[in-house]
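Asker: One structure, pasted below without further comment.
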Amino acid sequence: SCCYLSRRLNQLSSHDPLWKRHCKNYWLISEEEKSQRNQSWKAIFISTYSDLGRYIRYYATLKKAWDDLEKYLGQRCPRMIGSLKESVREEDLDAVEAQIGCKLPDDYRCSFRIHNGQKLVVPGLMGSMALSNHYRSEDLLDIDTAAGGFQQRLGLKQCLPLTFCIHTGLSQYMALESVEGRNKYEIFYQCPDQMARNPSAIDMFITGTSYLEWFTSYVNKVVTGGYPIIRDQIFRYVHDKECVATTGDITVSVSTSFLPELSSVHPPHYFFTYRIRIEMSKDALPEKACQLDSRYWRITNAKGDVEEVQGPGVVGEFPIISPGRVYEYTSCTTFSTTSGYMEGYYTFHCLYYKDKFFNVTIPRFHMVCPTFKVSTARMETNHNEYAVDEEEDSTDTDEYEDRRRVLDIPAPSGRCPRHT
């Protein structure tokens with residue numbers, strides 16, 4: 001616009017270094033790419049803007065997220081990179097909008113101009129979770145598959161699926177309109193009310209307020225190591241850096257995860273899994289080698305009710321820990337309150353001095369259910385009849401168990417008690 005005001009402004013507006021800054025800030029164009037295109041910075045900016053101009057607020061953030069994710073996974077999970085699809089065209093996105101009768105948010109469209117989701121494969125780009133008799137791995141849906149799953153039924157009106165797990169059928173949805181108690185562009189897991197007669201009574205576990213926030217926050221957790229890579233898959237365990245305890249030469253650390261597909265708001269049943277790592281310092285003396293005999297748990301729900309659990313070994317095993325060795329396993333628990341915490345200790349005996357026993361502290365770790373919204377259909381049916389009841393607490397039954405060892409990770413087998 002400035003170039004039309006005067007000859008001097010016309011000259012200034014053509015000064016290429018000005019456009020270099022814009023190309024790098026908005027389109028992430030590198031010097032190498034400029035050399036390959038053999039164009040001026042101004043020409044590159046204008047040609048890119050003519051194609052992606054509507055996404056100028058989002059493109060740099062999403063492109064960097066995709067680039068960081070590809071670089072990180074390329075070194076650790078290269079087969080996952082192979083499942084990504086090429087970008088889609090503007091006309092393809094316009095056609096989907098016409099098909100579903102709703103506008104797609106610009107941040108969502110922008111992401112698909114970079115990558116059109118992924119193929120329906122395992123492992124999924126959006127994270128996995130495995131227990132002994134349960135497995136989830138979420139794919140980021142391509143635009144055509146997402147459009148085919150667009151919902152108009154009561155309970156999920158005008159909701160577009162973003163992810164899909166071929167094992168559980170679980171999806172994360174994005175609301176394209178503010179209906180049925182949802183905010184526009186809110187992202188959530190559906191949670192059918194198991195006690196309602198109305199099939200449209202669907203509660204929601206909220207996972208994001210916009211596509212940009214949802215996708216970039218997930219990528220950030222992946223590329224910063226917040227989510228561990230196990231067996232070439234992204235596992236969505238969250239580790240609190242303060243959740244570590246060292247007793248002598250043995251360090252215990254814990255990471256946790258909430259499983260929406262095994263949880264419900266009504267009845268209140270919140271399912272968590274936790275991954276425990278037990279490691280002996282590599283500098284420990286050889287005679288420090290020891291074997292785990294038993295465990296003790298103190299479990300407290302949000303109301304302050306306490307349950308104590310004690311038993312032999314962990315996941316049916318009695319691992320031996322020696323200098324530099326690591327033992328890891330996964331277990332789970334449920335709460336009828338939206339949060340709770342666990343702490344306790346393991347009892348070991350020394351291998352060299354078999355009559356010597358000692359306890360190793362398990363740090364306190366908290367588990368908190370994500371924000372959820374109660375179904376408007378349930379509230380309208382009978383607000384008082386379906387009030388959330390949080391009177392019950394977790395129980396110690398046989399259910400959902402997995403175990404892993406560094407350098408030797410067998411396939412999960414058998415069923416072991418929770419709180420192990």
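The values are calculated or read from the model by the stated rules, or taken from the named source; none is laboratory data. In this text, all values refer to a predicted model and were calculated from it rather than measured experimentally. No Cβ is skipped: glycine too gets one built from the backbone with ideal geometry, and neighbour counts run over all protein chains shown. Side chains included, ligands, DNA and RNA excluded: accessible areas come from the protein's heavy atoms. Shrake-Rupley method; radii C 1.70, N 1.55, O 1.52, S 1.80 Å.
Asker: In contact with a helix residue (DSSP H, G or I) (Cβ under 7 Å, 6 or more places away or on another chain), assigned by the TED database to the domain that holds Thr207 and not in a loop (DSSP other than H, G, I, E, B): is that true of Leu93 in this structure?
Answerer: yes
Asker: Which numbered condition in (1) under 30 Å from Gln194 (Cβ atoms); (2) modelled with pLDDT of 95 or more; (3) of a type outside the set (Asp, Glu) is the only one that Lys373 fails?
Answerer: If we test Lys373 against (1) under 30 Å from Gln194 (Cβ atoms); (2) modelled with pLDDT of 95 or more; (3) of a type outside the set (Asp, Glu), just (2) comes out false.
Asker: May I pose another question? Looking at the range 140-160 only, could you name the residues that are under 22 Å from Gln194 (Cα atoms), open to solvent by less than 10 Å² (accessible area, probe 1.4 Å) and either touching a Ser or Thr at 6+ places or on another chain (Cβ under 8 Å) or in a loop (DSSP other than H, G, I, E, B) (or both)?
Answerer: Gly155, Leu156
Asker: From (1) under 23 Å from Asn183 (Cα atoms); (2) without any contact (Cβ under 8 Å) to a residue 60 or more places away in the chain; (3) touching a Phe, Trp or Tyr at 6+ places or on another chain (Cβ under 8 Å), pick out the condition that doesn't hold for Asp139.
Answerer: Single failed check for Asp139: (1).
Asker: Got at least one residue in the range 57-68 being open to solvent by 60 Å² or more (accessible area, probe 1.4 Å), β-branched (Val, Ile, Thr), within 26 Å of Glu213 (Cα to Cα) and modelled with pLDDT of 95 or more?
Answerer: For the range 57-68, residues open to solvent by 60 Å² or more (accessible area, probe 1.4 Å), β-branched (Val, Ile, Thr), within 26 Å of Glu213 (Cα to Cα) and modelled with pLDDT of 95 or more: present.
Asker: Quick one: is Val265 surrounded by fewer than 18 Cβ atoms within 10 Å (Cβ to Cβ) and of a type in the set (A, V, I, L, M)?
Answerer: Spelling it out, it is not the case that Val265 is surrounded by fewer than 18 Cβ atoms within 10 Å (Cβ to Cβ) and of a type in the set (A, V, I, L, M).
Asker: Going by what's in this entry, would Ser50 be described as exposed (fewer than 14 other Cβ atoms within 10 Å of the Cβ), without any contact (Cβ under 8 Å) to a residue 40 or more places away in the chain and among the hydroxyl-bearing types (Ser, Thr, Tyr)?
Answerer: Spelling it out, Ser50 is indeed exposed (fewer than 14 other Cβ atoms within 10 Å of the Cβ), without any contact (Cβ under 8 Å) to a residue 40 or more places away in the chain and among the hydroxyl-bearing types (Ser, Thr, Tyr).
Asker: It is to be established whether one or more residues within the range 78-86 are surrounded by 15 or more Cβ atoms within 10 Å (Cβ to Cβ), without any contact (Cβ under 8 Å) to a residue 24 or more places away in the chain and not charged (D, E, K, R).
Answerer: Scanning the range 78-86, I find at least one residue that is surrounded by 15 or more Cβ atoms within 10 Å (Cβ to Cβ), without any contact (Cβ under 8 Å) to a residue 24 or more places away in the chain and not charged (D, E, K, R), so the answer is yes.
Asker: While we're looking at this one, here's another question. Are any residues in the range 17-31 of a type in the set (Phe, Trp, Tyr) and open to solvent by less than 80 Å² (accessible area, probe 1.4 Å), and if so, which ones?
Answerer: Selection gives Trp19, Trp27.
Asker: Looking at Ser128, Ser171, Ser137, Ser132, which is the one that is open to solvent by 10 Å² or more (accessible area, probe 1.4 Å) and of a type in the set (Gly, Ala, Ser)?
Answerer: The match here is Ser132.
Asker: If you take the residues of the range 320-346 that are surrounded by fewer than 18 Cβ atoms within 10 Å (Cβ to Cβ) and among the small types (Gly, Ala, Ser), which of them is farthest from Met129 (Cα to Cα)?
Answerer: For the range 320-346, the residue satisfying everything is Ser322.
Asker: Show the residue pairs that are 6+ apart or on different chains and have beta-carbon atoms under 7 Å apart, the first residue being within the range 87-107 and closer than 15 Å to Leu52 by Cβ and open to solvent by 10 Å² or more (accessible area, probe 1.4 Å), the second being polar (S, T, N, Q) and in a helix (DSSP H, G or I).
Answerer: none
Asker: Could you run through the range 280-316 and say how many residues are touching a residue at least 60 places away in the same chain (Cβ under 8 Å), in contact with a Cys (Cβ under 9 Å, 6 or more places away or on another chain) and either over 24 Å from Gly340 (Cβ atoms) or surrounded by fewer than 17 Cβ atoms within 10 Å (Cβ to Cβ) (or both)?
Answerer: So the answer is 6.
Asker: Where residues in the range 192-204 are touching a strand residue (DSSP E or B) at 6+ places or on another chain (Cβ under 8 Å) and surrounded by fewer than 21 Cβ atoms within 10 Å (Cβ to Cβ), which of them is nearest to Ser111 (Cα to Cα)?
Answerer: Out of the qualifying residues, it is Pro192.
Asker: Considering only the range 35-46, state which residues are free of Cβ contacts under 8 Å to residues at least 12 places away in the same chain and either under 36 Å from the mean Cα position of the chain (by Cα) or open to solvent by 60 Å² or more (accessible area, probe 1.4 Å) (or both).
Answerer: Ser35, Gln36, Arg37, Asn38, Gln39, Ile46
Asker: Can I ask one more? Among (1) closer than 21 Å to Lys221 by Cα; (2) free of Cβ contacts under 8 Å to residues at least 60 places away in the same chain; (3) under 20 Å from the mean Cα position of the chain (by Cα), where does Ile114 come up short?
Answerer: (3)
Asker: Out of curiosity, is Gln75 in contact with a helix residue (DSSP H, G or I) (Cβ under 6 Å, 6 or more places away or on another chain), more than 20 Å from Ile166 (Cβ to Cβ) and surrounded by fewer than 18 Cβ atoms within 10 Å (Cβ to Cβ)?
Answerer: no
Asker: Additional query: State which residue pairs qualify: first residue charged (D, E, K, R) and inside the range 230-248, second residue open to solvent by 40 Å² or more (accessible area, probe 1.4 Å) in any location, beta carbons under 9 Å apart, and separation of 6 or more residues or different chains.
Answerer: Arg231/Ile409; Asp232/Arg76; Asp232/Pro78; Asp232/Arg79; Arg236/Lys221; Asp240/His366
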